[in-house]
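For reference, the structure is listed below as C-alpha cells.
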Amino acid sequence: MKIGVLALQGAVTEHIVSIGKTGAEGTPIKRVEQLGEVDGLIIPGGESTTIGKLMRKYGFIEAIREFAGGGKPVFGTCAGLIVLAKEIAGGEPSHLELMDITVARNAFGRQRESFECDLDVKGIEEPVRAVFIRAPLIEKVGPGVEVLSTYNGEIVTAREGNLLVSSFHPELTDDFRLHQYFADMVQATRTAEQ
Ligand code: GLN
C-alpha cells in the first residue's frame, strides 16, 4: 500500500517516516501524474498560501479534487487542513474546497504560537501527543463532519468520509497512531474497491 505526501512545500520527510512506521510505503508527490500510483495522500503543514499557490501552478487543484472525488483518502495536517477547507474565515480565498469546514488560520494567538499537549482522539485509545505550530482551528463543521478531538473546546481533528484533518503536526513526534488511523482508512478503501 502506497501513501503519497504532497511535496510542494512543508514537512514532507517527517510524514514519509511516520507512514513507514504503519507498514505502508510513503512517497513524495511532485507531479500530478504520480497521484495515479498512490492509494492515499497526505497534504503536510507549511504555509497554506504558498502551498495553495504551488498547487494552482502545477495543476494539483483539479487533480486532488478528482483523486478525493474518486473516494481515495486525503489527510491534511495544519496548512494541509487549511487547503482542504471549503471556507477560510476572514474572506481569504479558499483552495481545494473539499471538506465542509470553516477554518481560522493562526488561531491560537501570538503567545501560543507553538505548544504541545496530549489529546484525546476519538477512535484512538490513549491520548495522542500533539504539536501545534501557528496552528489553525476549525470554527464550523457541516453536518457530515465528525469531530474527533477538541482542545480547550476548539475543534482540532475531524473527519468527513474519506477526508481527515488535524490542526497539529502528528509527524513531529514518535507517536504514529494518527498516521495508523489514516493508513487504516486507506486500507479500508482498497479492500472495498477489490
Ligand atoms: N500558519 C500556517 C498557515 O496559515 C500553518 C502552520 C503550519 O502548517 N504549521 O498556513
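FRET efficiency for the pair GLU47 and GLN194, taken as 1/(1 + (r/R0)^6) with r the Cβ-Cβ distance and R0 = 30 Å, rounds to 0.20.
Over the chain, DSSP H runs of length four or greater, each weighted -39,500 (n - 2.57), average out per residue to a 222 nm ellipticity of -8000 deg cm²/dmol. Fewest neighbouring Cβ atoms within 10 Å first, the residues VAL165, VAL156, VAL12, VAL32 line up as VAL32, VAL12, VAL156, VAL165. Please build a GNM for the chain, connecting alpha carbons under 10 Å apart, and tell me which residue among PRO44, PRO73, PRO93 fluctuates the most. It is PRO93. Shown for LEU6, LEU137: other C-beta atoms within 10 Å of each C-beta, ranked fewest to most, produce the order LEU137, LEU6.
Within the listed set ILE64, ILE42, ILE124, the residue fluctuating most in the Gaussian network model of the chain (springs between alpha-carbon atoms under 10 angstrom) is ILE124.
Taking the number of Cβ atoms within 10 Å of each Cβ as an exposure proxy, the fewest-first ranking of PHE60, PHE115, PHE132 is PHE115, PHE132, PHE60. For ALA89, the residues whose modelled amide H falls within less than 5 Å of its own, excluding neighbours fewer than 5 places apart on the same chain, are VAL103, ALA104, ARG105.
Candidate cross-link partners of LYS140 among the aspartates and glutamates, defined by an alpha-carbon separation under 19 Å and a same-chain spacing of 8 or more, comprise GLU87, GLU92, GLU97, ASP100, GLU154, GLU160. Take every pair of alpha-carbon atoms less than 8 Å apart whose residues are at least six positions apart; their mean separation over the length of the chain yields a relative contact order of 20 percent. Each Lys and Arg contributes +1 and each Asp and Glu -1, all at the Cβ; summed about the Cα centre of the chain, the dipole is approximately 540 debye.
Excluding same-chain neighbours fewer than eight residues apart, the lysines reachable from LYS30 by a Cα-Cα span under 27 Å are LYS2, LYS21, LYS53, LYS57, LYS72, LYS86. Centre-to-centre separation between the Cα atoms of the stretch 84-115 and those of the stretch 156-171: 13 Å. By the gyration tensor of its Cα atoms, with a ≥ b ≥ c the square roots of the eigenvalues, what is the shape of the chain: rounded for a/c under 1.5, prolate for a/b over b/c, or oblate? Verdict is rounded for the chain.
Values in this text are rule-based calculations from the coordinates and carry no lab data. This structure is a prediction, so every number in the text was calculated from the model and none was measured. Here the Cβ is made from the backbone with ideal geometry for all residues, glycine too, and neighbour counts use every protein chain on show.
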